[in-house]
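Asks: Input: one structure, supplied below.
The values are calculated or read from the model by the stated rules, or taken from the named source; none is laboratory data. The shown structure was predicted, so the numbers you read here are calculated from the model rather than taken from an experiment. Heads up, the Cβs are rebuilt from the backbone with ideal geometry, glycines too, and the neighbour counts pull from every protein chain shown.
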Amino acid sequence: MIEENNNSAIQLSAAATASIEPMVILQVAIDVPLMTLFDYLPPLDAASVEWTQGMRLLVPFGSRQRVGILMGIAADSDHALARLKRVDAVLDEQPLLAAVDLTLIGWAAAYYQYPIGEAIFTALPPHLRKKSLKSPQPPFPKGEEKPIDQSPPAPLLQRGEKEKPPLEKGGLGGFDEKKAGFELNPDQATAVSAIHAALGRFQPFLLDGVTGSGKTEVYIQLIAQVIASGQQALVIVPEIGLTPQLQTRFTSRLPGVTVVLHSALKASDRARNWEQATLGTATLVLGTRSAIFVPLPRLGLIVVDEEHDMSLKQQDGFRYSARDVAVRRAQLVGCPIILGSATPALETLHNAQRQRYDWLQLPRRAGVAQPPKISLLDIRQQPLRAGLSMVLRERMQTELAAGNQILLFLNRRGYAPVLICHACGWIGNCPQCDVRLTLHLSPRKFWCHHCGRVQPVPQHCPSCKSADLRMIGRGTERLEEELQPLFPDATIARIDSDSTQRRGELKRLLSAVARGEVQIVLGTQMLAKGHDFPRVTLVGILDLDGVLYASDFRAPERAAQLIMQVAGRAGRAERPGRVILQTRHPEHALLQSLLRSGYRGFVAEALREREDTELPPFTHLALLRADATDALIPMEFLSEAKRLALALPETEHIFILGPAPSPLVRRVGRYHAQLLVQCADRMRLQRFLNQWGGVLQKLKRGKDLHWSMDVDPILFS
Ligand code: ADP
Ligand code: ZN
Ligand code: ZN
């Protein structure tokens, strides 16, 4: 424990008080970048306060007042009592976070090497970070554990009365027959009954089911059971805005109150939904990453859908993985957790293979849908128009003539990714990042996709004044423009983050596609996420070679996931789908294994490669990042950090690589470098990071230098 130096201690007779009654030292977490708690004395008029973990307190800190969270109560302090300050006010009569929530956040803060106070305040919604005196009605009765529903889970929702289900039969758990689901297919029924049997205890499940295999149906039926037994369910999804139909699907089928939690909500809505969750009136919380920390007094089931998705990992500040925190939460609460995906992360599959997770498979599409057929199309030396080979164009004509829909995937937005001067070779780069500016024509802007800086589109070369500026490459905007003359009778819809800026626009485009008013849908990876396009019979993936050959060791995994996810959009109904993947590298081992034996085959190969190269999941990584406006400073800091690491007592089996400049060195005018730590044993790595973190905190450094630790990093830029 350390004490804030600027504190001018309240000198009142703290020591004298201690001699008459038992001393109360309040251990408080404060939103500051320090790994420690701070000791305070109770206010003088606090005789009646029942100190409970998780209460917010207003405390003097330096020259200002801060909101703190009471983490613990002790009888003694490492500091001289006379120097401790008193709490100014108690903001909550009842704790805002239950003990189990504090334990979870405390664990995550320690695991991800992030200051505990900042971690807690990241987990709280904005309205509770401020010093408002208003707090929700008591979610957790004083001095009691959170109420745990002891009743056994209600019987399963089962519609097929004739078929002898492998599950206990029973009523409909108090909701309408019309809300009841499909008759589950045997794979779904097996999954539901396995998870149902685990309600009330910790058990992780991997629900490994191809797109359209009915995973969501499995979630819904289990959540119905959880709700019927008086408990709450938490469903974490990568993005809610991208899948407007998801919420409706849950609410139309489930009784009780469903609330959503994500950062795009209006502050007042977010506050209200958070309150309903913490009070226990919400029966289902559907949220993005940050919702993993919302207190739920009767949590009975956690689902992480699309568990492979990168956006479940926070990429700045408190760099937690919502998926991994979710598993820990389920363990602390003692409930099952379902990790669902059509393309599980290699880490998760590894856990399933080693039987840490119970592996449930839905290998077939639910209902009548056929799986799509994927084929590679070698486009080397092929004439392309609008980036489409002749084979793909002809195929498109055939599908259009048959009245079918087509989906084209291009993972680049804007008009052109490069603007070059034909006279002198000048290229438009962002002045503050090592990134080319992307040309957008509607609206016209010259845009850094990294830092967001926008410049006017130049009319003449800034270097030689030539007017001969040429656009190289193709983004979705250009594809749309070039496609129309090739397919003059087709209605084309573009779906990317630019075309769906306006509120409601994505929903409008998706329903136009669903109604069949659109023949060709084109777009970026927004298309890969969660939407159904049942009338699509042909998917063209125009150019993934860039993704395949990216420098990051996870690039092939991400490419394989993207291909399978995009492919999974097609042919959901009676019409079978076909996927054509254009490439200049048809011999690529990953593409070959994907084609030959699907995602499963790719995974087997990729895991072998990871094992040979000692990469996750066979080892564990942490990345120490540093940046400054001077390129040398981060390298010097990291060299010193490495020297200090090697001087620590327990560095056996810890490997430190670097420092090296980051792949994208200059960003927003700052130079980035990194140091990679690798260890085969997670616990050993954790012990090392703890010691090292303490040393790094004390390391003297200039104001200009920023550093951060990323435990289990997934991006290395
Ligand atoms: P996933 O979440 O795996 O992509 P969904 O749960 O969305 O799959 O199911 C895909 C489609 O199949 C949906 O339209 C759903 O309504 C339907 N479906 C799911 N389960 C069944 C079933 N047992 N019988 C018939 N149709 C089903
Ligand atoms: Zn020029
Ligand atoms: Zn930039």
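Asks: Can you find even one residue in the range 650-660 that is within 22 Å of residue 317 (Cα to Cα), part of a strand (DSSP E or B) and out of contact with any Cys (no Cβ under 8 Å at 6 or more places or on another chain)?
Replies: yes
Asks: So, in the range 177-203, how many residues would count as being at pLDDT 95 or above, farther than 16 Å from residue 226 by Cβ and crowded, with 22+ Cβ neighbours inside 10 Å?
Replies: Final tally of qualifying residues: 1.
Asks: Confirm whether residue 436 is over 21 Å from residue 587 (Cα atoms), touching a strand residue (DSSP E or B) at 6+ places or on another chain (Cβ under 9 Å) and either without any contact (Cβ under 8 Å) to a residue 40 or more places away in the chain or within 16 Å of ligand 3 (Cβ to nearest atom) (or both). Don't jump to the end; show me each part of the working.
Replies: Values: over 21 Å from residue 587 (Cα atoms): yes; touching a strand residue (DSSP E or B) at 6+ places or on another chain (Cβ under 9 Å): yes; either without any contact (Cβ under 8 Å) to a residue 40 or more places away in the chain or within 16 Å of ligand 3 (Cβ to nearest atom) (or both): yes.
In short, yes.
Residues are listed down the side, and each one gets a yes or a no for (1) in a strand (DSSP E or B); (2) over 24 Å from residue 112 (Cα atoms); (3) at pLDDT below 90; (4) over 33 Å from the mean Cα position of the chain (by Cα):
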{"residue": "29", "(1), (2), (3), (4)": "yes, no, no, no"}
{"residue": "32", "(1), (2), (3), (4)": "no, no, yes, no"}
{"residue": "35", "(1), (2), (3), (4)": "no, no, yes, no"}
{"residue": "40", "(1), (2), (3), (4)": "yes, yes, no, yes"}
{"residue": "43", "(1), (2), (3), (4)": "no, yes, no, yes"}
{"residue": "48", "(1), (2), (3), (4)": "no, yes, yes, yes"}
{"residue": "53", "(1), (2), (3), (4)": "no, no, no, no"}
{"residue": "58", "(1), (2), (3), (4)": "yes, yes, no, no"}
{"residue": "68", "(1), (2), (3), (4)": "yes, no, no, no"}
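Asks: Take the residues in the range 292-305 that are within 22 Å of residue 531 (Cα to Cα) and under 11 Å from the mean Cα position of the chain (by Cα), then tell me which one is surrounded by the fewest Cβ atoms within 10 Å (Cβ to Cβ).
Replies: Top of the filtered list is 305.
Asks: Now for a separate question. Take residue 248 and decide whether it is within 23 Å of the chain's Cα centre (by Cα) and either buried (at least 19 other Cβ atoms within 10 Å of the Cβ) or at pLDDT 95 or above (or both).
Replies: For residue 248, the condition - within 23 Å of the chain's Cα centre (by Cα) and either buried (at least 19 other Cβ atoms within 10 Å of the Cβ) or at pLDDT 95 or above (or both) - is not met.
Asks: Among the listed residues 370, 361, which satisfies the condition of being of a type in the set (S, T, N, Q), touching a Pro at 6+ places or on another chain (Cβ under 8 Å) and within 16 Å of ligand 1 (Cβ to nearest atom)?
Replies: When all the criteria are applied, what remains is 370.
Asks: For the range 456-501, how many residues are of a type in the set (Ser, Thr, Tyr) and surrounded by fewer than 18 Cβ atoms within 10 Å (Cβ to Cβ)?
Replies: Selection size over the range 456-501: 4.
Asks: Does residue 600 satisfy the criteria of being surrounded by fewer than 15 Cβ atoms within 10 Å (Cβ to Cβ) and within 24 Å of the chain's Cα centre (by Cα)?
Replies: yes
Asks: For residues that are of a type in the set (Phe, Trp, Tyr) and outside any helix (DSSP H, G or I), scanning just the range 187-239, find the one that is farthest from ligand 3 (Cβ to nearest atom).
Replies: 202
Asks: Still on this structure: Got a sec? Which of 356, 329 is in a helix (DSSP H, G or I), among the charged types (D, E, K, R) and at pLDDT 95 or above?
Replies: From the options 356, 329, the qualifying one is 329.
Asks: Do we find that residue 400 is assigned to a strand (DSSP E or B) and within 20 Å of residue 522 (Cβ to Cβ) in this structure?
Replies: Spelling it out, it is not the case that residue 400 is assigned to a strand (DSSP E or B) and within 20 Å of residue 522 (Cβ to Cβ).
Asks: Determine which member of the set 582, 674 is under 14 Å from residue 707 (Cα atoms), touching a residue at least 24 places away in the same chain (Cβ under 8 Å) and surrounded by 21 or more Cβ atoms within 10 Å (Cβ to Cβ).
Replies: Numbers: 582 fails: under 14 Å from residue 707 (Cα atoms).
The unique qualifying residue is 674.
Asks: If you don't mind, another one. Quick one: count up the residues across the range 180-199 that are in contact with a Lys or Arg (Cβ under 9 Å, 6 or more places away or on another chain) and of a type in the set (A, V, I, L, M, F, W, C).
Replies: Total meeting the criteria: 4.
Asks: Does residue 329 fit the bill of being crowded, with 24+ Cβ neighbours inside 10 Å and touching a helix residue (DSSP H, G or I) at 6+ places or on another chain (Cβ under 9 Å)?
Replies: Numbers: crowded, with 24+ Cβ neighbours inside 10 Å: yes; touching a helix residue (DSSP H, G or I) at 6+ places or on another chain (Cβ under 9 Å): yes.
Yes: the conditions hold for residue 329.
Asks: Kindly indicate whether residue 401 is at pLDDT 95 or above, away from ligand 1 (no atom under 16 Å from the Cβ) and farther than 20 Å from residue 533 by Cα.
Replies: Answer is no for this residue.
Asks: Tell me, please, whether a residue that is out of contact with any Gly (no Cβ under 9 Å at 6 or more places or on another chain) and away from ligand 2 (no atom under 15 Å from the Cβ) can be found in the range 413-431.
Replies: yes
Asks: Determine whether the range 626-633 contains at least one residue that is more than 16 Å from ligand 3 (Cβ to nearest atom), in contact (Cβ under 8 Å) with a residue 40 or more places away in the chain and in a strand (DSSP E or B). If you could, list the steps in order and put the result at the bottom.
Replies: Step one: of the range 626-633, the residues more than 16 Å from ligand 3 (Cβ to nearest atom) are 626, 628, 630-633.
Add one more test, that the residue is in contact (Cβ under 8 Å) with a residue 40 or more places away in the chain, and what stays is 626, 628, 630-631, 633.
From what's left, in a strand (DSSP E or B): 626, 628.
Yes, the range 626-633 has at least one match.
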